[in-house]
Amino acid sequence: MDSMKVLIADSINEKGIDELKDAAEVVVNTSITKEELLKVIKDFDAIIVRSRTKVTREIIEAADKLKIIARAGVGVDNIDIGAATEHGIMVVNAPESTSVTVAEHTVGIILSLARKISIADKSVKEGKWEKKKFMGLELNGKTLGVIGMGRIGSQVVTRLKAFGMEALVYDPYITEEAAAEIGATIVDLETLLKNSDVMTVHVPLTPETKYLISKPQFDLMKENAFIVNCARGGIIKEEDLYEALSTNQIRGAGLDVYEEEPPKNSPLFELDNVILTPHIAASTSEAQRDAAIIVANEVKKVFRGEAPKNVLNMPVLDPETFQQVKPYFKLAEKLGTFILQTAKGNIKEINVTYCGDLSKFRKQEILTRMMLKEVLNPVLTEPVNLVNANSIAKKRGIIVTEGKRSDAEGFKNLVKIEMKSEGGDVSVEGIFTREPKIVMINGYKVDVETEGTMLIVNYKDLPGIIGLIGTKLGEHGINIAKMQVGRKELGGEAVMVLKVDQIVGKEVIKELLKLENVYDAVAVNL
Ligand code: NAD
């Protein structure tokens, strides 16, 4: 761990730097230029940036041992995630660092709208005393409508529940139970729009959420309604918002984000019933401190060989699923190593089926990546890891599919890998009890450990063949430690799996293949 080097290329909170000092050599150069970065990046294992430093493909390609690019914050527009993935480099950010901060800003805007604080402030500073003009509304007893109940949306709910509001939530991707836990009720968007006094959006900007709130939605809202957007510009259509506000169709709005940033000559500037802030919802020193501490810890995790929490280019497992899946890592690796050595020519397709208990886990993809890593690493010069395994397979035209089956052929769990390659198809099935075990090879039942050297011979099930093979191995000084045979029918094709004490060279394989009634012979080192 001492030999790890971290470059802090943008200014981050001191607490994050302190966090790293016991785990790595930390170089802070927050004014580093692109040219300098290109020269030095090869020496670093991790780089921490905010938004100033652009981690482009060119920088990534100049990096020799970079393992992680960390963004001390949320937006990662300055990082070429595709290039990082191809090179097996993790990209992490700290999305949770700003949740409370953004939620507080949202609540601030809502209070300011309800009590007209910002325009009252302006009026007093202009020497006026317009008490009647600034008659406000209480939040107590009103209905809050939250669109998107993720990290920020749920923080807004808990805060505004404390103001005595009833909370409705529109989020098709969460359960009623999750909403009920924080005292909110899930409704459809129409119900939310018709019944809320205060609405706030906390969804990502996606094709689905672009202009989610436009004229038809404003038409459903109450006359007294407020709406706030501290999420992303474009979720509320500004043109339609202007229309609704300027005709007093709704009571007020608050925006921290815009369709164009900074907004230029927006008609919204002329309105008194809108509060505009310059994309500062996430800007507090606490959020910056937390972002720095979070990413420093993510970097340390990667150095310790543990899985970070907020990886943007690798499946992330929650701790519970991670514990479920972890015992199968070794099985996936061993099956990958096995199948690669039995493959016949260029690999075209790999199908992985998770059976029995394994099929019930929420995510198995990490196991497929483990297996792919073993399949691809020995044949490629570029290192293949859990981050880039899928993208490298795809780049090489290998189709990878995953399936699930509740039946595990009498076992509690089973992983089946089928590989289609130019010279034919092969398959292997394995289970995990205390150690990984192979239980089926090309449809033949076996029971073999996944350690050491193995010779797999396909032959015609006739008397004397086993002896011939044993003699041939003996001639080459190869000792058989264990032998198993599997067959589908008497006198048909059979498979013999020999555990041997010595490496079986190509010459021996050639001689075995010359024996009459021997169809195939493959040596596998596990
Ligand atoms: P999150 O991923 O934790 O939550 C987003 C929620 O939206 C999820 O629960 C998801 O199920 C829901 N959702 C997705 N599509 C939806 C749809 N079509 N309809 C309804 N719900 C949908 O995200 P978060 O961290 O809470 O961030 C929320 C938003 O705030 C994002 O747009 C983020 O970019 C933005 N944000 C803004 C600032 C700022 O400075 N103003 C800072 C941080 C985050």
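The values are calculated or read from the model by the stated rules, or taken from the named source; none is laboratory data. For clarity, every value in this text was computed on a predicted model and none was experimentally measured. Positions of Cβ are backbone-derived with ideal geometry, glycine not excepted, and every protein chain shown enters the neighbour counts. Protein only, heavy atoms only, side chains kept; ligands, DNA and RNA dropped before computing areas. Shrake-Rupley method; radii C 1.70, N 1.55, O 1.52, S 1.80 Å.
For residues that are open to solvent by 20 Å² or more (accessible area, probe 1.4 Å) and away from the ligand (no atom under 11 Å from the Cβ), tally how many sit in the range 101-116.
So the first thing to find is which residues in the range 101-116 are open to solvent by 20 Å² or more (accessible area, probe 1.4 Å), and the list is 104-105, 108, 111, 115-116.
Restricting the remaining residues to those that are away from the ligand (no atom under 11 Å from the Cβ) gives 104, 108, 111, 115-116.
Count: 5.
Out of all the residues in the range 272-281, is one or more surrounded by fewer than 20 Cβ atoms within 10 Å (Cβ to Cβ), away from the ligand (no atom under 12 Å from the Cβ) and part of a loop (DSSP other than H, G, I, E, B)? Even if it seems obvious, please write down each step before you answer.
From the range 272-281, those surrounded by fewer than 20 Cβ atoms within 10 Å (Cβ to Cβ) are 272-273, 276-280; that's our starting set.
Next cut, away from the ligand (no atom under 12 Å from the Cβ) only: 272-273, 276.
Adding the requirement that they be part of a loop (DSSP other than H, G, I, E, B) leaves 272-273.
Checked the range 272-281: at least one residue is surrounded by fewer than 20 Cβ atoms within 10 Å (Cβ to Cβ), away from the ligand (no atom under 12 Å from the Cβ) and part of a loop (DSSP other than H, G, I, E, B).
Out of the residues in the range 214-231 that are open to solvent by less than 30 Å² (accessible area, probe 1.4 Å) and more than 9 Å from the ligand (Cβ to nearest atom), which is nearest to the chain's Cα centre (by Cα)? Selected residue: VAL228.
Could you say which residue among ALA184, ALA167, ALA179 is within 15 Å of the ligand (Cβ to nearest atom), modelled with pLDDT under 95, aliphatic (A, V, I, L, M) and assigned by TED's automatic domain parsing to the domain that holds LEU245? Of ALA184, ALA167, ALA179, the one residue that is within 15 Å of the ligand (Cβ to nearest atom), modelled with pLDDT under 95, aliphatic (A, V, I, L, M) and assigned by TED's automatic domain parsing to the domain that holds LEU245 is ALA179. Among the residues in the range 284-298, are any within 22 Å of ILE117 (Cα to Cα), out of contact with any His (no Cβ under 6 Å at 6 or more places or on another chain) and in contact (Cβ under 8 Å) with a residue 60 or more places away in the chain? Scanning the range 284-298 turns up at least one residue that is within 22 Å of ILE117 (Cα to Cα), out of contact with any His (no Cβ under 6 Å at 6 or more places or on another chain) and in contact (Cβ under 8 Å) with a residue 60 or more places away in the chain.
Tell me which residues, restricted to the range 282-299, are open to solvent by less than 60 Å² (accessible area, probe 1.4 Å) and assigned to a helix (DSSP H, G or I).
Step one: filter the range 282-299 for residues open to solvent by less than 60 Å² (accessible area, probe 1.4 Å), giving 282, 284, 287, 290-299.
Result: ALA287, ASP290, ALA291, ALA292, ILE293, ILE294, VAL295, ALA296, ASN297, GLU298, VAL299.
Which ranges mark the strands (runs of 3 or more DSSP E) fully within the range 381-437 that have 3 or more residues being open to solvent by less than 50 Å² (accessible area, probe 1.4 Å) and touching a Ser or Thr at 6+ places or on another chain (Cβ under 8 Å)? So the answer is 413-421, 424-432. Among residues of the range 198-213 being modelled with pLDDT of 90 or more and either open to solvent by 80 Å² or more (accessible area, probe 1.4 Å) or near the ligand (Cβ under 6 Å from one of its atoms) (or both), the one that is nearest to the chain's Cα centre (by Cα) is VAL203.
The set of residues in the range 226-271 being small (Gly, Ala, Ser) and assigned to a helix (DSSP H, G or I) consists of ALA244, SER246.
Scanning the range 151-162 turns up at least one residue that is under 30 Å from VAL6 (Cβ atoms) and either in the same structural domain as GLY16 (by TED's automatic domain parsing) or within 16 Å of the ligand (Cβ to nearest atom) (or both).
The one condition from (1) in contact (Cβ under 8 Å) with a residue 60 or more places away in the chain; (2) part of a loop (DSSP other than H, G, I, E, B); (3) surrounded by fewer than 16 Cβ atoms within 10 Å (Cβ to Cβ) that ASN313 does not meet is (3).
Only one residue in LYS344, LYS326 is in a loop (DSSP other than H, G, I, E, B), over 13 Å from PRO95 (Cα atoms) and open to solvent by 40 Å² or more (accessible area, probe 1.4 Å). Which one? On inspection, the qualifying residue turns out to be LYS344. Take the conditions within 12 Å of the ligand (Cβ to nearest atom), assigned by TED's automatic domain parsing to the domain that holds TYR258 and either open to solvent by 50 Å² or more (accessible area, probe 1.4 Å) or not in a loop (DSSP other than H, G, I, E, B) (or both) and apply them to ILE174. Does it pass? The answer is no for ILE174.
Quick one: in the range 48-94, which of the residues that are open to solvent by less than 20 Å² (accessible area, probe 1.4 Å) and within 16 Å of the ligand (Cβ to nearest atom) is nearest to GLY16 (Cα to Cα)? So the residue we want is ALA72.
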